[in-house]
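Notes follow the structure.
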Amino acid sequence: MKIAVLKERAGNEARVAATPETVKKLGALGAQVFIEQGAGETASIPDSAYVEAGAEIGSAAKTVADADIVMGVQAPDLALLKGAKPGAWVAATFNPFGQRQRVDDYAKAGLEALAMEFMPRITRAQSMDVLSSQSNLAGYKAVLAAADQYGRAFPMMMTAAGTVSAARVFVMGVGVAGLQAIATAKRLGAQVSATDVRPETAEQIASLGGKAVFAEGLTASGEGGYAAELTGEQKAAQAELVSSHIAKQDIVITTALIPGRAAPRLVSDAQIATMKPGSVIFDLAVAQGGNVEGSVADKVVEKHGVHIMGYSNTPSHLAADASALFSRNLFNFLNAFWDTETGRPVLDEEIGDAIRLTQGGKVVNPRLAG
Ligand code: NAD
């Protein structure tokens with residue numbers, strides 16, 4: 001069983017899909033791990049650390065040659081996968097809705113694409129869930145980046161020269177990233193409020209010391225613990241709530257996503273205009289179309305004196321920790337299904353059917369039907 005890990009090619013990607021720790025653990029299962037030269041550099045992992053853990057280092061072609069499984073953070077271009085075994089698994093994130101053509105191409109190439117972001121949100125799959133592990137770090141980093149951009153302090157400070165008041169932070173969207181953003185902003189000493197469309201999050205906000213701010217009667221819980229899209233009336237109710245709250249905020253962190261759709265628009269230009277100059281908005285959804293009008297990935301845009309920012313790949317800004325967690329998710333996934341008799345993983349129906357995009361030359365995932 002040969003497992004290959006390539007250097008990530010996307011310009012904004014500093015993570016890597018295996019660390020020396022997971023290489024060692026995969027070796028203990030009986031797999032041989034091949035790593036492309038320099039694959040870990042941007043995540044502060046030298047080739048020598050992989051070698052020490054038992055991996056072989058080589059060119060991309062040598063790494064992929066006859067591989068049974070290729071692991072990636074982002075799915076590699078097909079050109080890099082020539083030489084992998086027919087039917088080889090590629091376990092990575094695929095952005096299947098955004099990059100549908102690539103899924104079709106993988107099918108044609110006879111590869112089995114396993115989309116890690118389609119991992120079901122069930123208890124036994126929690127340790128394999130890359131969306132959770134990466135969103136958690138992203139929520140943390142968004143607050144730090146916004147704090148750095150903000151020309152004032154977060155905590156209240158009483159000094160001989162007078163008092164500095166605490167920053168007011170408003171978190172919109174209280175999933176994994178939002179919860180970590182609330183916790184991080186609290187730790188930095190801010191006064192935190194938060195909103196969501198799933199009413200069950202009110203208790204979670206309070207448990208972290210935040211204040212829940214909800215539009216009355218607004219609930220849009222969708223399938224699998226995710227949010228559903230709002231109706232026109234619901235959008236208007238939410239806009240009213242945001243308008244009345246946002247003018248008093250110093251920092252706004254937006255994290256709202258709807259699976260398979262563009263991110264919902266939560267903050268309009270007119271609402272930004274009511275904020276104080278020097279306020280900061282961090283749009284964590286900027287790569288999915290943005291929650292905030294005017295946000296541009298990897299740029300700080302100034303509108304009405306407010307700084308609007310967001311990264312195209314936030315977890316990549318914490319590449320070492322993000323790689324450690326991502327690669328553990330991948331290891332936990334393979335380990336959970338490892339068949340010791342055949343020396344290879346065998347997926348069960350519940351998880352296999354959820355994450356498998358392509359098999360036997362076809363696109364097989366029901367979420368991509370039509
Ligand atoms: P997400 O990244 O899909 O969305 C972020 C947040 O934005 C969500 O809380 C969502 O409700 C909210 N949102 C969407 N539209 C909104 C709008 N118009 N206005 C305000 N907020 C809006 O969410 P996520 O972090 O992936 O979490 C989704 C759910 O899955 C949560 O309930 C989470 O606790 C759960 N979860 C379960 C597991 C598991 O059991 N294995 C693992 C991770 C997450």
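Is it true that some residue in the stretch 349-368 is under 20 Å from the mean Cα position of the chain (by Cα) and not in a helix (DSSP H, G or I)? Yes, some residue in the stretch 349-368 is under 20 Å from the mean Cα position of the chain (by Cα) and not in a helix (DSSP H, G or I).
Per-residue answers, yes or no, for (1) touching a His at 6+ places or on another chain (Cβ under 6 Å); (2) within 30 Å of Q249 (Cβ to Cβ); (3) among the hydrophobic types (A, V, I, L, M, F, W, C):
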| position | (1), (2), (3) |
| --- | --- |
| H317 | no, yes, no |
| T342 | no, no, no |
| A354 | no, no, yes |
| N365 | no, no, no |
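Of all positions in the stretch 203-225, at least one carries a residue that is at pLDDT 95 or above and within 10 Å of the ligand (Cβ to nearest atom).
On the basis of being touching a Ser or Thr at 6+ places or on another chain (Cβ under 8 Å) and either assigned to a strand (DSSP E or B) or hydroxyl-bearing (S, T, Y) (or both), does A194 make the cut? Yes.
Selection over the stretch 48-94 of residues that are among the polar types (S, T, N, Q) and over 27 Å from the mean Cα position of the chain (by Cα) gives a count of 2.
Every test in (1) free of Cβ contacts under 8 Å to residues at least 60 places away in the same chain; (2) closer than 27 Å to H304 by Cα; (3) not in a loop (DSSP other than H, G, I, E, B) is passed by R265 save one, and that test is (3). Here H317 meets each of (1) closer than 17 Å to S133 by Cα; (2) more than 16 Å from the ligand (Cβ to nearest atom); (3) out of contact with any Lys or Arg (no Cβ under 6 Å at 6 or more places or on another chain) with one exception, condition (3). Do we have any residue at all in the stretch 143-163 that's within 30 Å of F337 (Cα to Cα) and free of Cβ contacts under 8 Å to residues at least 60 places away in the same chain? No, the stretch 143-163 contains no residue that is within 30 Å of F337 (Cα to Cα) and free of Cβ contacts under 8 Å to residues at least 60 places away in the same chain. Here A262, A228 are screened, and the one residue that is in contact with a Ser or Thr (Cβ under 9 Å, 6 or more places away or on another chain) and within 13 Å of the ligand (Cβ to nearest atom) is A228. Taken together, V171, V164, V103 contain a single residue that is within 16 Å of the ligand (Cβ to nearest atom) and not polar (S, T, N, Q), which is V171.
Entry remark, the stretch 53-104: residues being small (G, A, S) and surrounded by fewer than 18 Cβ atoms within 10 Å (Cβ to Cβ) number 9 in total.
Taking the stretch 302-337 as the range and being crowded, with 17+ Cβ neighbours inside 10 Å and not in a helix (DSSP H, G or I) as the test, the residues that pass are V306, H307, I308, M309, G310, Y311, N313, T314. Of everything listed in (1) touching a Ser or Thr at 6+ places or on another chain (Cβ under 9 Å); (2) without any contact (Cβ under 8 Å) to a residue 60 or more places away in the chain; (3) surrounded by 16 or more Cβ atoms within 10 Å (Cβ to Cβ); (4) part of a loop (DSSP other than H, G, I, E, B), the single unmet condition for P199 is (3).
The values are calculated or read from the model by the stated rules, or taken from the named source; none is laboratory data. As the structure is a computational prediction, the values presented were derived from the model and not from experiment. Backbone-built Cβ (ideal geometry, glycine too); neighbour counts: all protein chains shown.
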